[in-house]
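Here the structure comes first, spelled out in structure tokens, and everything after it is commentary.
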Amino acid sequence: MGLFRKAARKAISGKVVVFGSTTAIGQHLSLLLKLCPHVKELRCCGPFRSTAVDMNGPPVRGLVADLLHIDTCCSVKPASEPWEWEEAVRDAQLVLVCCGGRIVDSGRSDHVAAIAQAAPELTIVMETVAKVAPGVIIGIVSTLVNSLVPFAREVLVRCGAFDPRKLFGVTTHDVMRARVLVARELQMNPFDVNVPVVGGGGGPTSCPLITQTGLRIAHDNIVRLCTQVQSSKFTYADVSAGGGAALNTAGGDSPETMELCGLSHAYSVLEWSVSILKALRGDQGIIECSLVESSLRKETPFFSSRVELGDEGVARILPLGPMTAFEEGMIEAAVPLIANDVEAGLLAASTTDNKTT
């Protein structure tokens with residue numbers, strides 16, 4: 001017997017379900033999953049009709065018909081109505097939920113309204129998962145991730161199917177943006193840069209820990225980069241100019257910006273999904289930043305940090321590690337915002353429960 005043994009790999013079905021597959025992010029994500037060699041079966045679920053926000057998207061059956069023209073071995077099937085969702089979710093390994101409307105105003109009332117808009121569909125999705133596939137890994141993909149993950153937790157708890165190892169808020173988009181910005185700053189390949197982003201998902205709740213990369217960056221530049229990660233989405237400047245487009249992080253979230261971010265957001269979710277599927281088959285040492293139920297901060301039951309993945313989901317939540325005073329201050333400022341978002345999600349879940357009882 002050799003001194004070294006490979007970790008035993010489990011046979012996995014490679015079945016992935018995408019709810020909200022006709023949304024801006026969902027369409028791009030479905031395409032990327034169809035191309036992914038780790039995905040053997042893809043189920044695309046359409047929006048719950050009475051709560052659908054984006055009615056300009058293609059019907060889910062049309063989306064699937066288009067995807068079937070792509071010559072990969074991944075099979076694709078639609079589930080356009082809620083009564084088809086149970087069969088779609090059965091035997092799945094990963095369920096991705098693309099939900100939550102766009103927040104035009106950053107005010108509290110707009111945030112609460114967006115949660116209420118997403119609540120009916122997310123409730124039905126979680127109830128379906130709890131009934132048919134209680135052991136599946138769930139990834140919430142949304143700009144409202146800080147609120148919708150706690151919301152989903154409450155629905156699963158009511159159904160007696162909550163496992164803290166299985167429920168994730170996908171925050172890889174923040175990690176990817178930080179990686180790109182740091183790599184551009186140092187003229188490096190982004191694949192050689194790994195920036196942990198902790199706290200929450202998006203905006204001032206996402207806290208890049210740039211000093212943990214070990215790269216030599218001046219403090220003033222670190223502050224600037226963190227501000228860029230937290231502030232606006234990427235936009236393209238001088239698209240018509242020769243020599244390629246330049247990234248601009250000074251603008252607001254125009255509709256054009258939101259669509260561009262739909263592309264990058266979908267790619268970041270693919271990256272996270274591949275890590276999950278690899279961990280499920282038995283690969284070890286895989287770490288992704290994700291929003292999970294956590295005791296890292298007593299002020300909030302949910303916190304995004306580096307998570308070691310295992311074949312049951314969360315294997316271990318890693319400590320935050322050494323930080324500078326600036327990074328500690330950034331997290332201290334983010335925690336109350338995260339706690340407020342979590343509270344909004346829990347409140348919406350209790351309201352939904354009262355309506356259904």
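The values are calculated or read from the model by the stated rules, or taken from the named source; none is laboratory data. This is a predicted model, so every value here is computed, not measured. Virtual Cβ from ideal backbone geometry, glycine too; neighbours counted across all protein chains shown.
Summary table
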read-out: Matching residues in the stretch 295-312 - criterion: being surrounded by fewer than 18 Cβ atoms within 10 Å (Cβ to Cβ) and among the small types (Gly, Ala, Ser); value: SER295, GLY310
read-out: Which numbered condition PRO134 misses (of (1) part of a helix (DSSP H, G or I); (2) farther than 23 Å from THR324 by Cα); value: (1)
read-out: The stretch 207-232, subset outside any loop (DSSP other than H, G, I, E, B) and in contact with a Gly (Cβ under 8 Å, 6 or more places away or on another chain), residue surrounded by the most Cβ atoms within 10 Å (Cβ to Cβ); value: CYS207
read-out: Yes/no for LEU270 being aliphatic (A, V, I, L, M), in contact with a helix residue (DSSP H, G or I) (Cβ under 7 Å, 6 or more places away or on another chain), more than 30 Å from GLY310 (Cβ to Cβ) and at pLDDT 50 or above; value: no
read-out: Some residue of the stretch 302-309 being touching a residue at least 12 places away in the same chain (Cβ under 8 Å) and closer than 15 Å to GLU154 by Cβ; value: yes
read-out: Failed condition for ALA52, given (1) within 20 Å of ALA118 (Cβ to Cβ); (2) out of contact with any strand residue (DSSP E or B) (no Cβ under 8 Å at 6 or more places or on another chain); (3) modelled with pLDDT of 90 or more; value: (3)
read-out: Residue match in the stretch 157-175 (condition: touching a strand residue (DSSP E or B) at 6+ places or on another chain (Cβ under 6 Å), on the phi < 0 side of the Ramachandran plot and aromatic (Phe, Trp, Tyr)); value: yes
read-out: Criterion: farther than 28 Å from LEU32 by Cβ and out of contact with any Pro (no Cβ under 7 Å at 6 or more places or on another chain) - qualifying residue of GLU308, GLU332, GLU288; value: GLU332
read-out: Residue satisfying all of: in the stretch 76-87; surrounded by 14 or more Cβ atoms within 10 Å (Cβ to Cβ) and not hydrophobic (A, V, I, L, M, F, W, C); farthest from ARG43 (Cα to Cα) among these; value: PRO82
read-out: Filtered residues of the stretch 137-155 (kept if out of contact with any Gly (no Cβ under 7 Å at 6 or more places or on another chain), hydrophobic (A, V, I, L, M, F, W, C) and in a helix (DSSP H, G or I)); value: ALA152, VAL155
read-out: The stretch 157-183 - residue that is touching a helix residue (DSSP H, G or I) at 6+ places or on another chain (Cβ under 8 Å) and of a type in the set (Lys, Arg) and, of those, surrounded by the fewest Cβ atoms within 10 Å (Cβ to Cβ); value: ARG158
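This table checks each residue for (1) over 19 Å from the mean Cα position of the chain (by Cα); (2) modelled with pLDDT under 95.
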residue	(1), (2)
CYS44	no, no
ASN56	yes, yes
SER75	yes, no
GLU87	yes, no
GLN93	no, no
ILE103	no, yes
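Each row is one residue, and each column tells you yes or no for (1) charged (D, E, K, R); (2) under 27 Å from ALA24 (Cβ atoms); (3) touching a residue at least 24 places away in the same chain (Cβ under 8 Å); (4) assigned by TED's automatic domain parsing to the domain that holds TYR267.
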site	(1), (2), (3), (4)
THR143	no, yes, yes, no
PRO150	no, yes, yes, no
ARG165	yes, no, yes, no
MET176	no, yes, yes, yes
VAL180	no, yes, yes, yes
ALA183	no, yes, no, yes
LEU186	no, no, yes, yes
